[in-house]
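Chemist: I have a structure I would like to understand better, so I am pasting it below and will then ask my questions one at a time.
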Ligand code: ADP
Ligand code: MG
């Protein structure tokens with residue numbers, strides 16, 4: 001396996017390849033691409049078959065990690081240890097995903113509904129960032145093998161609707177995989193670049209990008225002017241894609257053959273064979289009129305007319321999303337100059353025809369729809385490398401800028417390589433009841449702990465009115481103007497008190513110092529991540545310990561002596577684990593405490609509701 005090319009003994013830094021790679025980190029499939037002799041190409045695996053790496057991570061009996069096709073093969077026999085669709089969880093809290101938990105075959109958990117989700121595999125807890133990093137490592141490996149050189153710079157794409165936390169999580173995953181993520185690019189922007197739409201006309205153009213993948217559908221309306229892309233609107237359905245087409249075919253066969261789903265579920269290998277045949281049928285019907293296959297002595301068939309009937313309603317839903325996206329952008333179909341088709345499922349002829357019909361125009365579909373996003377990412381990478389002379393490079397922030405949060409963690413607010421001028425902000429709150437002051441310490445750098453970054457300044461927001469912890473809403477804003485001057489503002493939104501500082505110029509670092517800081521951040525990514533995970537687990541545990549204390553006091557009257565004792569026992573155990581340094585043990589103790597207290601909390605809630613209804617008349621009588 002390729003390592004970051006620093007010779008630890010001599011301290012020499014070997015010449016890194018200057019190549020910047022483009023990565024499409026997809027929900028279903030991921031790819032890596034680069035510019036070869038002037039043209040973008042996606043890289044195939046060792047077997048030379050496919051450019052796609054299924055975005056699936058499997059943990060085998062020895063906890064060895066397998067990614068891609070081999071991991072996909074384990075989906076049926078070992079679902080608990082085979083993680084798919086992890087992109088859906090990136091940068092999400094448990095609150096964000098609890099209503100879709102049943103969709104996943106593996107265990108997602110979080111005791112504190114506001115903090116980021118974790119996934120339990122055997123007795124270890126993984127973040128979506130760590131799992132995504134495994135997919136990125138596989139891609140990095142793939143291109144390093146292909147080119148026989150060390151690669152450390154990348155552009156990674158994300159959906160246009162990804163928020164700040166999801167983008168930051170994607171950057172962190174890159175760092176953990178040993179990649180310096182120079183830019184996060186929107187998938188529809190990348191796809192448009194691959195088709196060269198920015199070079200098709202002098203004047204501004206409006207583009208619709210229709211992306212139908214395995215499990216998600218996105219429509220984005222973009223405006224391009226002078227090589228600058230702006231997202232006007234996005235719409236879509238995060239649970240609609242090619243997998244639903246497969247399922248429709250499977251259901252059709254089950255009905256036709258009078259099969260019983262329950263008895264099928266008892267024969268997992270047959271069910272899996274039928275599932276794969278359904279996907280195969282769908283693919284065949286993209287180019288042919290009929291599909292037929294013999295499975296277990298039974299003939300299964302479907303023709304294109306039948307298939308189109310099955311998926312018509314689903315395609316109609318995507319067209320409804322297109323209408324909404326246009327409406328949000330204040331445009332109508334005729335205002336769209338070009339339509340770009342992205343995602344494996346746009347090979348389905350009904351999808352293509354319906355989109356062309358709706359916009360009243362031919363669609364762009366000459367490039368491989370699986371690869372087009374990665375190809376565009378490679379082009380963006382080439383622009384950043386300065387190889388495309390007709391593209392202008394704007395001023396950018398050389399290192400990330402952020403503040404210190406609980407436990408000495410760095411929370412970056414403006415990621416490195418952001419175009420200047422820029423503005424970004426995030427909301428914070430207090431961690432102690434009645435807290436009146438909040439110290440805002442501003443740092444520059446890529447490391448997870450502020451102690452390893454450079455401090456640029458600090459100030460104190462004073463006079464926050466007394467409120468319980470967690471109630472104040474403190475907005476911290478970073479503003480960099482065109483001259484590179486950074487202004488940091490803090491404002492408590494309930495009382496409107498505010499405070500700010502100004503930090504001048506490029507903050508006094510030479511290019512060499514900057515390069516050194518960057519290399520260090522990548523070099524230490526794994527250790528930093530571990531420490532961050534431990535600190536985060538401790539923070540979360542401390543919150544839970546506090547709320548458990550409060551809970552026991554407030555509900556003394558409805559808890560039995562035994563319940564209080566058992567709660568305290570789990571409480572004590574968690575407290576001990578917090579003092580140690582094993583994050584998995586902290587997570588486990590949190591899970592245990594939570595499992596025990598959840599039914600008690602529900603009971604307390606019921607009592608509270610009953611009490612508050614007493615004396616009030618409800619309903620008719
Ligand atoms: P994602 O962006 O979600 O990672 P992809 O763009 O890789 O997904 O799309 C994967 C989907 O494309 C799968 O559902 C797959 O079955 C479907 N697909 C691939 N080839 C074809 C084809 N020839 N006809 C129809 N669907 C296809
Ligand atoms: Mg995709």
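None of the figures in this text is laboratory data; all of them are computed from the coordinates on show. Keep in mind the model is a prediction, meaning the values are calculated, not measured. Cβ placement follows ideal geometry from the backbone for every residue including glycine, while neighbour counts extend to all protein chains displayed.
Chemist: Let me confirm something: among 355, 340, which residue is under 30 Å from residue 214 (Cα atoms), in contact with a strand residue (DSSP E or B) (Cβ under 8 Å, 6 or more places away or on another chain), within 16 Å of ligand 1 (Cβ to nearest atom) and assigned to a helix (DSSP H, G or I)?
Modeler: Exactly one residue qualifies, and that residue is 355.
Chemist: Across the range 252-303, what is the number of residues that are out of contact with any strand residue (DSSP E or B) (no Cβ under 8 Å at 6 or more places or on another chain), outside any loop (DSSP other than H, G, I, E, B) and within 16 Å of ligand 1 (Cβ to nearest atom)?
Modeler: Looking only at that region, the number is 7.
Chemist: Answer yes or no: is there a residue in the range 473-481 that is surrounded by fewer than 16 Cβ atoms within 10 Å (Cβ to Cβ) and under 20 Å from residue 165 (Cα atoms).
Modeler: yes
Chemist: So, restricting to helices (runs of 4 or more DSSP H) that lie completely within the range 118-198, which ones have at least 1 residues that are under 23 Å from residue 108 (Cβ atoms) and touching a strand residue (DSSP E or B) at 6+ places or on another chain (Cβ under 7 Å)? It would help to see each step written out before you state the result.
Modeler: Details: elements: 128-147, 164-176, 187-194.
In the range 118-198, the matching helices (runs of 4 or more DSSP H) lie at 128-147, 164-176.
Chemist: Right, another one. Scan the range 559-577 for residues that are farther than 12 Å from residue 600 by Cβ and crowded, with 18+ Cβ neighbours inside 10 Å and report the count.
Modeler: 3
Chemist: Right, something else. Tally up the residues in the range 209-221 that are within 16 Å of ligand 2 (Cβ to nearest atom) and in a strand (DSSP E or B), please.
Modeler: Within the range 209-221, residues that are within 16 Å of ligand 2 (Cβ to nearest atom) and in a strand (DSSP E or B) number 8.
Chemist: Right, something else. Hey, could you check the range 46-67 for residues that are touching a helix residue (DSSP H, G or I) at 6+ places or on another chain (Cβ under 6 Å) and not in a strand (DSSP E or B) and say which is nearest to residue 265 (Cα to Cα)?
Modeler: The extreme case among them is 56.
Chemist: Also, I was wondering about something else. Return yes or no: is residue 363 more than 16 Å from ligand 2 (Cβ to nearest atom), touching a strand residue (DSSP E or B) at 6+ places or on another chain (Cβ under 6 Å) and at negative phi?
Modeler: Considered against the rule, which asks whether it is more than 16 Å from ligand 2 (Cβ to nearest atom), touching a strand residue (DSSP E or B) at 6+ places or on another chain (Cβ under 6 Å) and at negative phi, residue 363 comes out as yes.
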